[in-house]
Amino acid sequence: MPKHPASAPTARLRIEDYGLIGDGRTAALVGRDGSIDWLCWPRFDSGSCFAALLGDASHGHWSIAPAGEPGRVSRSYRGDTVVLETVFETEEGAFAVIDFMPASRTDSSVIRIVEGRRGVSRVRMQLRLRFDYGSSIPWVTRLPDPEGSVRAESRRQAIVAIAGPNLVVLRAGTELHGEELSTVSEFTLGPSQRTSFVLTHGPSHLPPPAAIDAQAALRDTEAFWREWAGRCTYRGHRRDIVLRSLLTLKTLIFAETGGIVAAPTTSLPERIGGPRNWDYRYCWIRDATLSLIALMGSGYHEEARAWRDWLQRAVAGSPEDLQLMYGVAGERRLDEWEVAGLPGHEGSAPVRIGNAASGQLQLDVWGEMMDALHLAREGGLASLPSAWSLQCRALRHLEGIWDEPDDGIWEMRGGRRHFTHSKIMAWVAYDRMIRDAETFGLEAPLEHWRAVRDKIHRTVCEKGFDRTLGSFTQSFGSPELDASLLLIPAVGFLPIGDPRVAGTVAAIERDLLRDGFVLRYRTESGKDGLPAGEGVFLACSFWLADAWQLQGREDEAHALVDRLLALSNDLGLLSEEYDTQAGRQVGNFPQAFSHMALVRTVLSLHEHAPVREKMETPGKPPASRGVRPEPPASRS
């Protein structure tokens, strides 16, 4: 077992202090102090070149900040884009740092434009590249010009850093010098003056990538994002928040394949100082249905089709080999290991690379896969010719294993059990296949499938429901609760008006609410194989709002959504969980699952809102939520 550092530095920034930029291949986290502390190149799941997020500045970072006292800081995205602008104001002056990653280029780049806004600002830039999660110091040389001379005398300078297969070029509009194994530039800017820094990645066995015009790239990047944002068809209440979540999801899509990573980070802790730290830079089958609902429901059919195609390619092959997660191109080997040289965010060790849960048995993924493909057919996304035969083979395999214990939706490492949610999702797999066969005239043994579906339903109702508690429970024969049970009416297993559903919702409200938000489950028992303690789970809290909306409790649903949105950072970004005691975001960041759940809940609340409420100006709170519609029918 790798040893972790005995002492760990305190992080300069909290998780919510970061912003996100990306280019469809990878993403970077930019701190409100002007430091890029996380970037993996050339893909989301590649080794990092900046890892200060999980350690300190010695593990790699790129900072641009005032040379003296930091002063006041404000930041925002530039309109409906993923171009981040951070403004520093000191007594001497003010300047802005504009950070972005151009999309649709051969080589991946981070561009930082520094603009003077007021007075005279003294600025310091420091670049400390450390590849392989902070362990590899590159060899740095100056980049010769095309004639072969070295441009030491010019204000426009460039360096090349090489470490193994990685090559990075920094082109700067200011003078550069070395300082303690880092590259530094100190300069002043007056009003309307600007300079730029362009950092570009390429393979080390090829010539350095060509130079980029930073201002032209900024115009092109803003135009790209604004055009994409303009395709959003949602015009309802909270539109700005929905659009920011959609822009975040777009940034987490690996453009070459259509795969959506759960987050661009690894090992941001679910509890500060604890070991619940996982690598989320992969694509989860479980995200498929929520992704399609969010994307198709907002008019993004191209991205939805690409995700559906990624799903069909990833799961192709023998049903016995189906995994719950894959790499961005469908890779299956996601071996887990620990980085001995990184202390973790605020000392939260270990830092894990890869994810051993990829080898777990999770029965719910069959239901998620079938539900996603069913939704795609309903939405008019033409299936691949082989899709139906693949699904039929998968269902035959599921028939032989649905009644076995599994590791559950939360990827527990404490041993397999008969998780109630897993069985419900096995039921969903049969239900969606039956519906597709009936609706689209697909060949299928319908009577046999209906018999298996009914058997699963009876089993869940007999063994997964605790009559003493009046609630479904986390696993058969256990009194423990689980927030995944809130999905029972959403997937159509039982209608919202069924007393067993009402009892389950009430039990979760009673036992899993912490400060008004929802825990996944109680970790104190230790049955998940890990020490107790984690934050409230944001997606589960949106599920409770969904359940309340189905029950006709719309005032409560809206109030919960508003409180959840208040947990996002100043840029509208959400992590996986929230520590209500410390008042801070925890878990990997930003988290696709949280943003998908946000979009689905807001779209659902708008869809079932009174007509007058829908007609109100987007972005303004409704005049009244006193009129409650009849609860809609469940998806059955």
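The stretch between R467 and S58, if pulled fully straight at 0.36 nm per residue, gains 141.5 nm over its current Cα-Cα span. Restricted to Cα atoms, region 173-230 shows a radius of gyration and a Dmax of 15.7, 46 angstrom. Under 14 Å from a label point set 7 Å out along the Cα-to-Cβ vector of A340, the amide N atoms of region 114-138 belong to 135. As a calculated quantity, the FRET efficiency between D555 and E256 at R0 = 30 Å, using C-beta atoms, amounts to about 0.10. Using the Cβ-Cβ distance between S204 and A506 with R0 = 51 Å, the FRET efficiency computed as 1/(1 + (r/R0)^6) comes to roughly 0.25. Here's the picture: a label point sits 7 Å out from the Cα of A223 along the beta-carbon direction, and within region 175-216 the residues with their amide nitrogen under 12 Å of it are 216. Compared with the dominant Cα axis of the chain, that is its longest principal axis, helix 364-378 is turned about 90°. Given their separation in residues at 0.36 nm each and the Cα-Cα distance between them, A382 and R332 gain 15.4 nm when the chain is fully extended.
Extending 7 Å from the Cα toward the beta-carbon at both H177 and K455 defines two label points whose distance is 7.8 nm. Which of the GluC sites (Glu not before Pro) found in region 57-127 are in a DSSP loop and have at most 15 neighbouring Cβ atoms, other than their own, within 10 Å? Here the GluC sites (Glu not before Pro) that fit, given the DSSP loop and packing criteria, are E91. Peptide packing: for 250-257, 161-168, the average count of neighbouring Cβ atoms within 10 Å per residue gives the ranking 250-257, 161-168, highest mean first. Taking the three principal axes of the alpha carbon atoms in region 463-556, the coordinate ranges are 38, 30, 20 Å, sorted in descending order.
Remark: region 230-243, residue by residue, has Karplus-estimated 3J(HN,Hα) of x, 7, 5, 8, 6, 10, x, 4, 6, 4, 4, 5, 4, 5 Hz, where x stands for each Gly or Pro and the curve is 6.51 cos²θ - 1.76 cosθ + 1.60 at θ = phi - 60°. Spacing of the modelled spin labels on V73 and A316, each 7 Å from Cα toward Cβ, amounts to 4.6 nm. Computed from label points 7 Å out along Cα-Cβ, the spacing between V184 and D515 is 4.0 nm. Set against the 2.2 N^0.38 Å expectation for a compact globular protein, region 1-123 has a Cα radius of gyration ratio of 1.13.
Quarter the surface of the alpha carbon convex hull of region 370-440 and you get the mean projected area, 5.3 square nanometres.
A simple rule links phi to the HN-Hα coupling: the Karplus curve 6.51 cos²θ - 1.76 cosθ + 1.60 with θ = phi - 60°, which for region 206-211 gives 10, x, x, x, 5, 5 Hz, with x for Gly and Pro. Scaled to the globular estimate 2.2 N^0.38 Å, the Cα spread of region 87-129, given as radius of gyration, is 1.46.
Give me the base-10 log of I(q)/I(0) for region 281-405 at each q in 0.09, 0.23 Å⁻¹, Debye formula, one uniform scatterer per Cα, rounded to two decimals. Rounded to two decimals, the profile gives -0.31, -1.33. Computed in the context of the full set of protein chains, the accessible area of region 109-242 at 1.4 Å probe radius has 54% of its extent on carbon or sulfur. Sorting the Cα pairs of region 382-494 by distance into bins of 10 Å, from 0 upward, gives 13, 43, 30, 12, 2 percent per bin.
For region 389-508, carbon and sulfur atoms together expose 52% of the accessible surface, with a 1.4 angstrom probe and every protein chain in place. When only Cα pairs below 8 angstrom with a gap of at least 6 residues are kept, the chain shows a relative contact order of 13 percent. Across all directions, the average projected area of the convex hull around the alpha carbons of region 520-559 is 3.4 nm². In this structure the chain gives 37 Å² per residue of accessible area when probed at 1.4 Å with all protein chains present. Given (i) 44, 26, 24; (ii) 74, 25, 23; (iii) 40, 35, 20 as candidate values of semi-axes √(5λ) of the Cα gyration tensor in Å, which corresponds to the one derived from the coordinates? After the calculation, the listed value that fits is (i).
The values are calculated or read from the model by the stated rules, or taken from the named source; none is laboratory data. Source: prediction; values computed, not measured. Positions of Cβ are generated from backbone atoms using ideal geometry, with glycine treated the same way; all protein chains shown enter the neighbour counts. Protein only, heavy atoms only, side chains kept; ligands, DNA and RNA dropped before computing areas. Shrake-Rupley method; radii C 1.70, N 1.55, O 1.52, S 1.80 Å.
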